[in-house]
Amino acid sequence: MRKPCQWQGHFLHLCICFLQRGLAGLPGWIIGHTRIQALVFSWAVAWHWPRPPRQQRRFLEWRGPVRQWGSRRVADQRGDDTVMVDGGVGDSDDSGLRSIDLATLSGVLRVCDVELLLLDGNGPRAAFASRVHEEALFCSISCGFHCRGRFMLPPDWAMLGYLHATDETLSWCHGVPLTPGMALTVMPEGISEFTLSPGTHMTLMLVPVARVQRKLTELSLRSTPPAGQALSLFNLASESTPLAQHYQQLHLQLGQGANLQPEETEKLLHEHVQALLGAGAADRPGCSRARRTHYLIAQRAENFMRLNLRRNIYMNEICDAAGVSERGLRYAFEDLFGTSPNRYLSMLRLCAACRSLSMADSSRRSVKAIALSCGLWDLSRFADNYRKVFGELPRDTLMRAPAQIGQPA
């Protein structure tokens with residue numbers, strides 16, 4: 001009887017492994033020899049291969065524990081180097097930053113959603129702590145990635161804040177550069193737009209707008225900020241000013257989980273409004289004509305992208321919508337976002353898909369339907385790019401229960 005050749009023995013061994021583990025047991029294994037055609041069973045084929053429910057469960061178990069921060073399913077045991085934040089678990093690095101999903105970050109202000117767009121292609125890494133105290137929300141935020149954001153305060157809320165650190169070449173609000181040591185006042189009127197650089201640290205207080213108006217009336221007989229605008233930015237003289245020291249102390253207390261002092265809201269509100277009223281024209285940052293022009297160009301281009309996100313968008317269409325040449329469009333995006341219009345559009349689609357996947361019901365919507373609704377027609381490329389940016393596959397995001405997003409674990 002002829003003995004089996006070497007390649008037949010290898011083939012038989014792989015077949016036994018295949019039967020023991022199921023099709024999922026061959027992620028990218030190659031079965032073959034020079035005398036037969038090579039066969040590759042990829043993860044995608046293994047996932048879509050029909051299985052009975054029991055085998056599906058075994059396949060999910062065999063795939064291993066879920067290790068993505070932000071997931072509500074944590075199957076492995078972790079040590080003391082992990083942090084629990086708003087329904088997710090993630091390993092923090094030396095700087096205290098951790099990977100956080102966009103759905104969790106979008107609810108950091110609680111009273112409104114913040115729509116975030118990644119600009120550097122890295123997954124969102126941040127650290128934040130918040131506390132409700134005396135009818136106000138105090139929040140400290142440390143940002144470890146370059147992002148573009150938009151939010152709109154409800155009519156009955158205002159925001160006061162202070163920037164401890166940021167890169168003024170990358171960070172701005174409505175086109176106005178943000179610098180360390182800058183205080184901000186946001187009233188509930190329209191959409192606020194901003195970008196933040198990696199390494200940005202800030203402390204915010206959200207308070208009922210009626211309290212801000214009463215304090216303005218008490219100190220100046222007016223109910224609106226001196227500039228008469230929804231956004232007011234002003235620089236403090238130094239870090240030794242009472243308001244800057246108060247915000248720094250508050251930032252440390254929130255990060256350490258310490259209790260806030262009685263009358264904290266009233267004290268900080270009084271100091272902030274007092275500094276706001278005392279700020280002169282030299283303390284208020286301005287926006288150059290070139291930066292203002294670039295901001296308006298990018299705003300028109302982005303609005304066109306958002307309105308036509310479902311279909312293919314061509315560069316000449318964006319230029320026509322923005323009213324500039326292709327070179328002018330590129331200059332504007334490089335100045336404001338540090339990236340090209342095409343790259344910006346790609347990240348806009350990915351982040352829109354991430355938000356939709358985070359809020360969708362997996363029994364009603366599929367990854368394919370959500371991807372197509374964001375203009376992502378190449379599903380394999382979409383899955384690959386999504387995993388590079390967010391550290392997980394789109395289906396992993398979809399499988400989270402929408403009711404758990406933003407809820408404590």
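Among all positions in region 260-270, there is no residue which is modelled with pLDDT of 95 or more and touching a Cys at 6+ places or on another chain (Cβ under 9 Å). For region 106-129, the tally of residues that are under 10 Å from residue 351 (Cβ atoms) and charged (D, E, K, R) stands at 1.
Hey, can you tell me all the residues within region 240-264 that are in contact with a Lys or Arg (Cβ under 8 Å, 6 or more places away or on another chain) and either in a helix (DSSP H, G or I) or without any contact (Cβ under 8 Å) to a residue 40 or more places away in the chain (or both)? Answer for region 240-264, where residues must be in contact with a Lys or Arg (Cβ under 8 Å, 6 or more places away or on another chain) and either in a helix (DSSP H, G or I) or without any contact (Cβ under 8 Å) to a residue 40 or more places away in the chain (or both): 246, 254, 261.
The strands (runs of 3 or more DSSP E) found entirely in region 132-194 that carry 2 or more residues being modelled with pLDDT of 95 or more and under 26 Å from residue 278 (Cβ atoms) are 136-143, 157-165, 182-186. Take the residues in region 368-382 that are among the aliphatic types (A, V, I, L, M) and free of Cβ contacts under 8 Å to residues at least 40 places away in the same chain, then tell me which one is surrounded by the most Cβ atoms within 10 Å (Cβ to Cβ). Per the stated criteria, the residue is 376. Residues in region 326-354 that are of a type in the set (Lys, Arg) and under 12 Å from residue 309 (Cβ atoms): 349 alone. Applying a threshold of 8 Å to beta carbon distances and a minimum spacing of six or more residues, or different chains, the list of pairs starting in region 192-204 at a residue that is without any contact (Cβ under 8 Å) to a residue 12 or more places away in the chain and surrounded by fewer than 22 Cβ atoms within 10 Å (Cβ to Cβ) and ending at one that is of a type in the set (Asp, Glu) and outside any loop (DSSP other than H, G, I, E, B) is empty. If you go through region 246-286 and keep only what is closer than 27 Å to residue 230 by Cβ and of a type in the set (A, V, I, L, M, F, W, C), you end up with 250, 254, 268, 269, 273, 275, 276, 277, 279, 281, 282.
Please work out if residue 298 is surrounded by 15 or more Cβ atoms within 10 Å (Cβ to Cβ), outside the structural domain of residue 192 (by TED's automatic domain parsing) and either acidic (Asp, Glu) or closer than 29 Å to residue 165 by Cα (or both). Yes. For region 289-347, a residue qualifies if it is over 22 Å from the mean Cα position of the chain (by Cα) and among the aliphatic types (A, V, I, L, M), and the qualifying residues are 290, 296, 297, 313, 315, 318, 321, 322, 324, 329, 332. When the test is whether a residue is assigned to a helix (DSSP H, G or I) and either of a type in the set (Val, Ile, Thr) or surrounded by fewer than 15 Cβ atoms within 10 Å (Cβ to Cβ) (or both), residue 207 does not pass it.
For every residue, the table says whether it meets (1) of a type in the set (Asp, Glu); (2) closer than 22 Å to residue 385 by Cβ; (3) surrounded by 19 or more Cβ atoms within 10 Å (Cβ to Cβ).
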| residue | (1), (2), (3) |
| --- | --- |
| 114 | no, no, no |
| 120 | yes, yes, no |
| 131 | no, no, no |
| 134 | yes, no, no |
| 156 | yes, no, no |
| 175 | no, no, yes |
| 182 | no, no, yes |
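Restricting attention to region 355-367, the residues being buried (at least 20 other Cβ atoms within 10 Å of the Cβ) and more than 23 Å from residue 114 (Cβ to Cβ) number 1.
The values are calculated or read from the model by the stated rules, or taken from the named source; none is laboratory data. Source: prediction; values computed, not measured. Don't worry about glycine lacking a Cβ; one is built from the backbone with ideal geometry, like all the others, and counts go over all protein chains shown.
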